1. Can you name every residue in segment 201-246 that is part of a loop (DSSP other than H, G, I, E, B), of a type outside the set (S, T, Y) and free of Cβ contacts under 8 Å to residues at least 60 places away in the same chain?
2. Would you confirm whether any residue within segment 59-80 is farther than 21 Å from G170 by Cβ, polar (S, T, N, Q), within 13 Å of the ligand (Cβ to nearest atom) and surrounded by fewer than 18 Cβ atoms within 10 Å (Cβ to Cβ)?
3. Examine segment 39-55 for a residue that is polar (S, T, N, Q), surrounded by 20 or more Cβ atoms within 10 Å (Cβ to Cβ) and modelled with pLDDT of 95 or more, and state whether such a residue exists.
4. Does L173 satisfy being modelled with pLDDT under 95 and aliphatic (A, V, I, L, M)?
5. What pairs come out if I take residues in segment 51-80 that are free of Cβ contacts under 8 Å to residues at least 24 places away in the same chain and on the phi < 0 side of the Ramachandran plot and pair them with residues that are polar (S, T, N, Q) and near the ligand (Cβ under 7 Å from one of its atoms) whose C-beta lies under 7 Å away, six or more apart or interchain?
6. Give segment 127-174 a look and list any residue that's in a loop (DSSP other than H, G, I, E, B), touching a His at 6+ places or on another chain (Cβ under 9 Å) and near the ligand (Cβ under 10 Å from one of its atoms), or say none.
7. Of the residues L102, L183, which is surrounded by fewer than 20 Cβ atoms within 10 Å (Cβ to Cβ), in a helix (DSSP H, G or I), out of contact with any His (no Cβ under 7 Å at 6 or more places or on another chain) and modelled with pLDDT of 95 or more?
8. Which one of these does H177 not meet: (1) part of a loop (DSSP other than H, G, I, E, B); (2) of a type outside the set (S, T, N, Q); (3) within 12 Å of the ligand (Cβ to nearest atom); (4) under 21 Å from C240 (Cβ atoms)?
Amino acid sequence: MTRKKILIIGANGFTGRRILNDLSLKQEYIVSGVSLHDDVAPHSGNYQFISADICQAGQLDRIFNDIEPDVVINTSALSVPDYCEVHHKEANLLNIIAVENLARHCQSAGSYFIHLSTDFVFGGEANRLYTEEDPTQPVNYYGYTKMEGEKLVQRHCSKHTIVRVAVVYGTALPGQHGNVLQLVADRLRKHEEVRVVSDQWRTPTFVGDVSLGIEKLIARAFNKTAPAVSSIYHICGNECLTIAEIAYRVATILGLDKSLIHPVTTQEMQEKTPRPRFSGMSTLKAQKELDYTPLSLDKGIKEMFESL
Ligand SMILES: NC(=O)c1ccc[n+]([C@@H]2O[C@H](COP(=O)([O-])OP(=O)(O)OC[C@H]3O[C@@H](n4cnc5c(N)ncnc54)[C@H](OP(=O)(O)O)[C@@H]3O)[C@@H](O)[C@H]2O)c1
């Protein structure tokens, strides 16, 4: 069997690095990673690393000509909602324009395009878990750019999958952004108080599960008897909780002082950027079609903090 060439964009990022590390352990893949800056962990695995700016069309041409990828996984994004809310041009460039260029390059090269997206494409007014068929209605600029990116992938690349993830958690490398679970643990360990919202619901995703879900998608894409690849999947956890409930779980599992956790409402938090009230996503489709089984939140938290 010929080894498939996998190109991971955003390979220094939190999710991209986990995928890079996991896939480069597999004999059946030849893995390359692209990121804006130099490799965050040089010589740490069996992959080729390229520093490049995917917003520069010429650089994308060169990468596709050199690698000729069978699969492209885009994990790059401007993904901080507060930043996107006031930096529309930058958000448009990476989350919309570069995504369209990637989709077009994948179409010309015949590559299977796996593009990461977010629960923040949803409006937040649901009273049940969102499915892949539900309409999108973002409430902030980040969500808007991700929704537009999704549409362009669907329009310009015939062989694609959009993978929506939510509150991705796991162990971060130095220089990578953390996540709310890490923030809560860090504060409580220093005996500092932490304010967390008690009326925003999410389905937190263990970073290793994103990587596993993507491996399943790749395996299916090259299995001649499997269904067509173009689709959307929710690859997240199976438990829907408020951010405050997530914080309490971290404290319980790590044996930290819960009295330092202060649940507050969205209104009390007074964040400048609106966020969906409820963006829990159903994984039923991924369970049925990909045999995707995420870790429980308790197991994910244990795995995250055991590896620190
Ligand atoms: N993290 C979450 O909780 C979460 C939740 C929902 C959805 N998502 C989605 O999941 C995906 C991954 O998120 P993440 O938080 O893991 O990402 P991340 O850690 O912010 O990483 C993104 C990476 O993209 C790279 N990048 C930025 N601009 C680039 C450019 N012009 N050219 C090449 N590379 C560039 C950066 O590379 P350098 O480090 O080299 O600068 C960065 O490491 C995104 O699509 C995001 O929208 C994430």
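The values are calculated or read from the model by the stated rules, or taken from the named source; none is laboratory data. All values reported here derive from a predicted model rather than from experimental measurement. Cβ: placed from backbone, ideal geometry, glycine included. Neighbour counts: every protein chain shown.
1. Matches in segment 201-246: N223, K224, A226, A228, N238, E239.
2. Yes, because at least one residue in segment 59-80 is farther than 21 Å from G170 by Cβ, polar (S, T, N, Q), within 13 Å of the ligand (Cβ to nearest atom) and surrounded by fewer than 18 Cβ atoms within 10 Å (Cβ to Cβ).
3. For segment 39-55, residues polar (S, T, N, Q), surrounded by 20 or more Cβ atoms within 10 Å (Cβ to Cβ) and modelled with pLDDT of 95 or more: absent.
4. So L173 passes the test.
5. Sorted first by the residue in segment 51-80, then by its partner, the pairs are S51/S35.
6. A166
7. From the options L102, L183, the qualifying one is L183.
8. (4)
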